[in-house]
Each structure stands twice: as structure tokens, then as C-alpha cells.
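These notes concern the structure reproduced below.
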Amino acid sequence: MMMMMFLHFSLQFLLHPLLHFLFITLITCLALKILKSLTTTTTTTTTTIHRSRVISNYPPGSDGFPLIGETLAFIAAHNSSKGFYDFVRTRHLRYGNCFKTNLFGGTHVFVSSVEVAKALLGSESVDFPKRYIKTVATLLGEESLLCSSHEHHKFLRRQIASLFTLDHLSSSVRMFDELTVETMRVWKEKRCVIVLDYALKITFNAICKMLLSLEDDNEMEALRNDVSEVTEALLAFPLRFPGTRFNRGLKARERIMDTLREKMAMRRNGVECKNDFLEHLLAKDNPDSAESLTDQQISDNILTLIIAGQVTTASAITWMVKYLDENKEVQDKLRLEIALKNSDTPLRLETLNDMHYASKIVKESLRMATVVSWFPRVALKDCQLGGFQIRKDWIVNVNARSAHYDSTIYDEPMKFDPSRFDEDPKPYSFLAFGAGGRTCLGMNLAKEMMLVFLHHLVTTCRWEVTDADPSLEKWAMFPRLRSGCPIRVIPIN
Ligand code: HEM
């Protein structure tokens with residue numbers, strides 16, 4: 001009986017997500033530390049001398065507790081309504097533009113100066129390759145653009161970038177226009193809606209139509225649930241036991257891969273023929289060509305594009321609706337622009353290119369929301385950065401959010417002011433889509449979706465946010481409102 005109770009409590013303990021996370025974190029940190037001490041014993045003496053000589057030149061910051069560093073504080077921020085960035089924000093206030101901390105057994109540096117952003121992201125900085133978590137590679141696939149090494153990345157990026165042509169962007173405007181018009185019809189009928197729910201749905205549908213020409217609602221729904229399982233597993237601990245979040249993500253990935261294999265077979269057998277990304281990637285399938293992609297490369301990157309594009313764009317749209325609700329004068333100015341331009345619907349790419357004030361609203365929303373808060377890179381060797389000593393294997397994070405809220409770069413950074421983009425921002429100061437060789441591939445598509453949404457939103461209705469609670473969703477990969485931004489819709493006409 002005692003044994004049964006013990007087992008029951010142990011199981012309860014391990015299944016509670018937070019306790020489970022903390023427990024595994026401690027074990028992981030301990031294991032990493034032991035491993036590190038085992039592998040660096042031969043260099044201990046020299047390292048110590050080196051350290052004592054230059055120690056004052058390391059970025060300021062705290063190493064936290066032995067073994068676990070500041071991991072618990074980071075997890076606590078992740079599990080709070082202020083979101084994980086609060087961990088970085090408080091240290092940035094305490095230590096300035098460059099500080100270091102210890103997380104999950106490794107040293108992390110956060111930097112937000114324009115010069116350092118340029119050094120790390122620009123000229124395809126070979127000494128600072130992108131750093132990704134192993135679970136991401138397991139879930140998205142070893143061939144995913146997000147996880148590939150420098151040379152291989154160049155090849156994959158070239159193949160995938162060739163899909164974002166003007167032709168494709170033009171036809172995606174038409175398709176996103178239809179989806180948004182339909183969404184606005186539903187909003188007018190329902191009157192009270194949660195913006196994030198609809199934004200997630202239409203961005204997902206748009207990306208899947210563009211990539212795979214999916215039309216069937218059931219097929220779309222099944223894929224949407226699987227993609228959401230994979231997304232939720234990206235930050236989970238890699239425990240492959242039935243019932244764990246990671247395992248659910250892996251199963252969902254298998255189902256997605258099966259669907260993609262089926263689709264590829266149908267295209268090859270001529271059962272289906274469409275003008276979409278999949279068709280173009282398959283057309284490269286020529287064993288004699290150096291530019292040919294394998295089936296694995298195609299399917300891993302289709303999944304990558306869906307995951308990289310859906311939640312980011314949906315979150316950005318939701319923040320934009322919130323900022324506009326708080327800034328009615330910006331809305332009025334936008335309505336005037338649209339009235340003066342007499343922009344016809346359905347919208348076309350040329351119409352969007354002519355929406356100058358709307359484009360600035362999109363940029364300002366992206367600046368304030370900074371959906372991707374920082375970009376991790378790993379130092380391949382000891383070096384100097386921004387006047388500080390950085391050691392090999394440290395993870396250096398370009399802190400985009402802090403750059404976006406820096407008053408020496410942006411005047412009154414807390415103010416939502418689209419006209420600050422009357423002039424182009426200085427290089428490396430606007431980092432919503434990253435910069436350099438890893439700049440977001442879907443940047444133009446995302447801006448286009450935001451513009452189409454914005455146009456239909458302000459021409460169809462006025463709205464008011466009914467829950468102003470600024471709390472953020474816990475454990476979310478990108479900062480987004482816990483409420484999802486509920487609004488009351490007041491139709492125009
Ligand atoms: C508002 C929406 C979006 C935001 C804020 C955003 C932001 C970013 C950022 C900051 C990066 C660079 C990360 C780094 O350097 O470490 C990135 C990379 C990437 N994004 Fe986006 N993104 C958005 C939408 C999209 C869309 C719609 C797609 C495609 C459908 C997409 C596909 C990608 C891909 C494939 C990469 C990896 C590029 C590479 O490593 O070469 N993104 N995104």
C-alpha cells in the first residue's frame with residue numbers, strides 16, 4: 001500500500017507540468033555541469049589563469065546558484081503573466097545593454113546595441129552561427145532551414161527563397177483577401193470575437209493554401225491540430241514517454257510527414273496538379289541537378305514554413321488590433337488614406353504597395369510587439385564583442401526587443417507612432433524580421449497579410465477591446481495576450 005502511494009505521488013509529481021519541468025531542469029543542469037567538468041579538466045589550469053587576467057572585462061551579470069544558475073528565475077518568468085521576456089527586461093535595467101546570465105547549464109549573453117547586432121547578424125557572421133535547441137531539430141526535422149549548418153543553410157535557403165516570387169506574392173494577396181473578407185463577414189454577424197483565434201485560423205489557412213493548395217476543411221483542421229501539437233512541443237523537455245507533451249509532438253510530426261508523403265505521391269502520379277510551393281519544390285526533383293531537393297528536405301521545410309509563419313503573423317495581427325484600439329487618431333488617419341486612394345477591392349499587390357501610412361502602422365506594430373524577442377547565436381571562439389570578452393560556446397542573444405524600446409534609437413519608444421517610419425530606420429535598428437543571412441524568409445508575405453487584414457478591418461468595422469488585461473499567455477513561444485484580445489465589433493454601414 002505504501003509502495004502504491006509512493007508511486008502515485010511520484011507520478012503526480014512528474015506529471016504536473018511545472019514540477020515536472022523544474023525537476024527535469026535540475027537534473028539536466030546537473031548532468032551538463034558534470035559533463036562539462038569532465039571534458040574540461042585538462043584545460044583547467046590555463047583557463048583559470050586566463051579568467052583571472054580578464055575577468056573584469058566579462059559582461060556584468062549574475063551566475064546565480066551553483067549548477068542551476070538563474071534557470072529557476074527564467075522559468076518563473078515564463079510561468080508568469082508578464083512572460084519570459086520579463087527575466088531579460090529586469091536584468092537589462094540592472095546591468096545595461098550587455099549582460100550575462102547562466103541558464104540551463106550554459107552562459108547566455110544578451111546584447112542590444114546596433115553595432116553588436118551588425119557584428120553578429122551581418123555578413124553571415126561565420127563565427128556566430130545560429131543556435132537552436134535539439135528538440136527543435138527533432139520536431140521540425142534535421143533538414144529544416146532553421147536548424148541547418150552554415151553551408152547547407154545557404155543551399156536550402158536559396159531553394160526556398162526562390163518560392164517567394166512576385167507572382168506567388170500576388171496570388172497570395174488575392175487568396176488572403178478572400179479569407180479576410182469571409183472573416184469580416186463572420187465578425188459582423190457575431191459582434192463579439194476573440195481576435196487571436198481568427199488570426200491563427202486565417203494565417204494557417206493562407207499558408208497551407210499557398211504551400212499545399214489545401215481546400216478540404218477536415219483535412220485542414222486535422223493538420224492544424226497536428227501543427228499546434230508540434231508547436232507546443234518545441235519548448236518541452238525531450239521525454240519520449242506516452243502522455244508527455246514532447247511525445248505528442250513527435251506523434252503529430254509523424255502524421256504530418258505521412259500526409260506530406262501522400263501529397264507528394266499524388267503529385268508525382270499526376271492525380272493532383274497545382275500551382276503551389278509543393279509543386280515548385282517537386283519540379284526541382286532532378287537527380288542530375290545540384291539544386292535538387294530530397295523528399296525529406298521538402299517535407300521538413302514545408303513544416304518549418306507553416307510553423308515559422310503562422311503563429312508569428314497571427315500574434316502580430318492581434319497586437320496591431322490592440323494598438324489601433326488604443327490609438328483612434330491613427331485609425332482615423334488610416335481611414336482617410338484609404339478613402340483618398342479609393343483603393344478597389346479585391347486588393348492587389350499594387351494597391352498594397354500604395355498604402356504608405358498603413359505600411360508604417362504595420363512596421364510600428366511589429367516594433368512594439370517584437371514577436372521574436374531575441375535571436376540566439378553561439379560563439380565559436382573566444383572574442384571581444386561590444387567591449388566585452390566573450391568565451392567560446394557562450395550563447396550570445398541579440399536582444400531585439402530592447403533595441404526596439406531604446407530611446408536613443410526610437411524617440412518616445414512607448415508611444416505608438418507610425419509616423420516615426422516616415423524615414424527609414426537606421427540599419428540594424430529595426431529587427432522585427434531579424435537581419436543578415438538569416439533574415440525572415442516570409443517577411444514580405446507577413447507584411448502583406450497584415451496589410452490586407454488592416455485594410456478590411458478598418459473599412460468593415462469599428463471595434464473596441466472588451467478586456468484590457470495586459471497579461472501574457474504563460475509558456476507561449478511568442479509574446480501574446482492571454483485574453484487573445486476580445487473585441488466588440490461595430491459594423492460600418
Ligand atoms: C509577423 C510575422 C513574422 C515575424 C515577426 C517573423 C520573424 C522572424 C525572425 C526574427 C526571423 C530570424 C530569426 C533569427 O535570425 O534567428 C525569422 C526567420 C524565419 N522566418 Fe519569419 N517571421 C514572420 C513570418 C514568417 C512567415 C509568414 C514565414 C513563412 C511562411 C516565415 C518564415 C521564416 C523562415 C523560414 C525563417 C528562417 C530563415 C533562415 O534561417 O534562413 N516567417 N522570422
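The values are calculated or read from the model by the stated rules, or taken from the named source; none is laboratory data. What you are looking at is a predicted structure, and each value in this text was computed from that prediction instead of being measured. A quick note on method: Cβ atoms are made from the backbone with ideal geometry, for glycine too, and the neighbour counts reach across all protein chains shown.
A quick yes/no check of all residues on (1) within 15 Å of residue 367 (Cα to Cα); (2) touching an Asp or Glu at 6+ places or on another chain (Cβ under 9 Å):
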| position | (1), (2) |
| --- | --- |
| 389 | no, yes |
| 428 | yes, yes |
| 432 | yes, no |
| 441 | no, no |
| 445 | no, no |
| 454 | no, no |
| 464 | no, yes |
Exercise for the section: Determine which single condition residue 171 fails, assuming it passes every other condition in (1) surrounded by fewer than 18 Cβ atoms within 10 Å (Cβ to Cβ); (2) more than 13 Å from the ligand (Cβ to nearest atom); (3) under 20 Å from the mean Cα position of the chain (by Cα). Expected result: (3)
Completion exercise
Taking the range 443-479 and keeping residues surrounded by fewer than 18 Cβ atoms within 10 Å (Cβ to Cβ), among the polar types (S, T, N, Q) and closer than 25 Å to residue 359 by Cα leaves 444, 459
Problem - Residues within the range 480-493 that are part of a loop (DSSP other than H, G, I, E, B) and surrounded by 20 or more Cβ atoms within 10 Å (Cβ to Cβ), tallied - result: 3
Exercise for the section: Test residue 163 against the criterion of being within 20 Å of the chain's Cα centre (by Cα) and either within 19 Å of residue 305 (Cβ to Cβ) or of a type in the set (Asp, Glu) (or both), and give yes or no. Expected result: no
Fill in the blank from the handout: When the range 66-120 is checked residue by residue, the ones that are of a type in the set (Ser, Thr, Tyr), surrounded by fewer than 17 Cβ atoms within 10 Å (Cβ to Cβ) and free of Cβ contacts under 8 Å to residues at least 60 places away in the same chain are 90, 95
Completion exercise
Residues of the range 298-318 being among the small types (Gly, Ala, Ser) and near the ligand (Cβ under 9 Å from one of its atoms), in sequence order, are 308, 309, 314, 315, 316
Practice task
Just one of (1) within 16 Å of the ligand (Cβ to nearest atom); (2) at pLDDT below 90; (3) assigned to a loop (DSSP other than H, G, I, E, B) trips up residue 122, so point out which.
Solution key: (3)
Exercise for the section: For residues that are under 30 Å from residue 185 (Cβ atoms) and under 14 Å from the mean Cα position of the chain (by Cα), scanning just the range 433-456, find the one that is farthest from the ligand (Cβ to nearest atom). Expected result: 443
Completion exercise
Given (1) more than 13 Å from the ligand (Cβ to nearest atom); (2) of a type in the set (A, V, I, L, M); (3) touching a Ser or Thr at 6+ places or on another chain (Cβ under 9 Å), residue 340 misses just (3)
Problem - Which listed residue, of 110, 164, 84, is modelled with pLDDT under 90, under 30 Å from residue 473 (Cβ atoms) and not β-branched (Val, Ile, Thr) - result: 84
